[in-house]
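**Student:** The following block contains the structure, expressed as structure tokens.
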Amino acid sequence: MGELGESCEKLAGIMKRLREPGGCPWDRKQTLYTLKKYLIEECYEVLEKIEYRDYDGLKEEFLLSYS
């Protein structure tokens, strides 16, 4: 599995822990509807990086740096 696949698996594990009982109360309350505004904001950030050819910034938008 490549770096992206490993990062996605790591993210899925973090999300699962956050949403489990005893996890983060904010994360447990979220639904697809409540997350809509954050998705739109993130999309605009990605589009801005593309517009200004900020490829390092674009990479940061997509890569996960959780440890």
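**Student:** Identify all residues within region 37-54 that are of a type in the set (Phe, Trp, Tyr) and not in a helix (DSSP H, G or I); write none if there are none.
**Tutor:** As a first pass, look at region 37-54 and keep what is of a type in the set (Phe, Trp, Tyr): 38, 44, 52.
Across region 37-54, the qualifying residue is only 52.
**Student:** Take residue 33 and tell me if it is assigned to a helix (DSSP H, G or I) and loosely packed, with under 10 Cβ neighbours inside 10 Å. Can you show your working first?
**Tutor:** Details: assigned to a helix (DSSP H, G or I): yes; loosely packed, with under 10 Cβ neighbours inside 10 Å: yes.
For residue 33, the condition - assigned to a helix (DSSP H, G or I) and loosely packed, with under 10 Cβ neighbours inside 10 Å - is met.
**Student:** Applying the selection to region 1-35, what residues are under 22 Å from residue 59 (Cα atoms) and of a type in the set (Lys, Arg)?
**Tutor:** Selection gives 10 alone.
**Student:** Follow-up question, since we're still on this one. How many residues does region 13-30 contain that are modelled with pLDDT under 90 and either part of a loop (DSSP other than H, G, I, E, B) or surrounded by fewer than 11 Cβ atoms within 10 Å (Cβ to Cβ) (or both)?
**Tutor:** Adding up the residues that qualify gives 0.
**Student:** May I pose another question? Suppose the filter is modelled with pLDDT under 90, exposed (fewer than 10 other Cβ atoms within 10 Å of the Cβ) and among the hydroxyl-bearing types (Ser, Thr, Tyr); does residue 7 pass it?
**Tutor:** In short, no.
The values are calculated or read from the model by the stated rules, or taken from the named source; none is laboratory data. Fair warning: this is a prediction, and the values are worked out from it, not measured in the lab. Every residue, glycine among them, receives a Cβ derived from its backbone with ideal geometry; neighbour counts consider all protein chains shown.
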